[in-house]
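Structure record follows, encoded as structure tokens.
The values are calculated or read from the model by the stated rules, or taken from the named source; none is laboratory data. Nothing here was measured: the structure is a model prediction, and the numbers come from that model. For neighbour counting, all protein chains shown are included, and Cβ atoms are generated from backbone atoms with ideal geometry for every residue, glycine included.
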Amino acid sequence: MLELTINGEKRSVDASPDTPLLWALRDVLGLTGTKFGCGIAQCGACTVHVDGKAVRSCVLPIGAVGERAVTTIEAIDGTSAGRKIQKAWLDLEVIQCGYCQSGQIMSATALLAATPSPSDADIDAAMSGNICRCGTYVRIREAIKQAAKAG
């Protein structure tokens, strides 16, 4: 039994330390907002925050999380950057099919929290590896810029 801090709450996880965080979140804790995409950290659908940094939960063993705080899409509106990103996503109708969007929002929120006025290069670097099969990249970039201006 491992104890993790998920969305500000201590949670006991009955799983092996080598279990990917994604599966602990989805299958053990029932937090299904974080999606499975590729399983090899290449698509970004499984992105969560660990101590505020965007990480791919499909390849991070829960035993490696330790005392660090994990934030999932279910709690991202608890941060200023998260609220701004979510509002911009809705205002600009970024979402098409929606499958990748929890990972996109988590990466964008980590970017905005670390870099309140990101350049195009900052956005490209932070969002690289987040794949959107629907091709909403232009709207994603505009939503990040709008959220940054919301100051």
Subset of segment 1-29 that is closer than 17 Å to ALA64 by Cβ and among the hydroxyl-bearing types (Ser, Thr, Tyr) - its residue that is surrounded by the fewest Cβ atoms within 10 Å (Cβ to Cβ)
SER16
Would you check if ILE73 is buried (at least 21 other Cβ atoms within 10 Å of the Cβ), farther than 19 Å from CYS132 by Cα and hydrophobic (A, V, I, L, M, F, W, C)?
no
Give segment 16-29 a look and list any residue that's part of a loop (DSSP other than H, G, I, E, B) and in contact with a Leu (Cβ under 7 Å, 6 or more places away or on another chain), or say none.
PRO17
If I ask for residues that are part of a loop (DSSP other than H, G, I, E, B), in contact with a strand residue (DSSP E or B) (Cβ under 6 Å, 6 or more places away or on another chain) and surrounded by fewer than 22 Cβ atoms within 10 Å (Cβ to Cβ), which ones from segment 30-50 would you list?
ALA41
Given the criteria assigned by TED's automatic domain parsing to the domain that holds ARG11 and either polar (S, T, N, Q) or not in a loop (DSSP other than H, G, I, E, B) (or both), does VAL55 qualify?
yes
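Please verify whether ARG83 is touching a residue at least 40 places away in the same chain (Cβ under 8 Å), outside the structural domain of GLY30 (by TED's automatic domain parsing) and farther than 30 Å from PRO17 by Cα, treating the condition exactly as stated.
no
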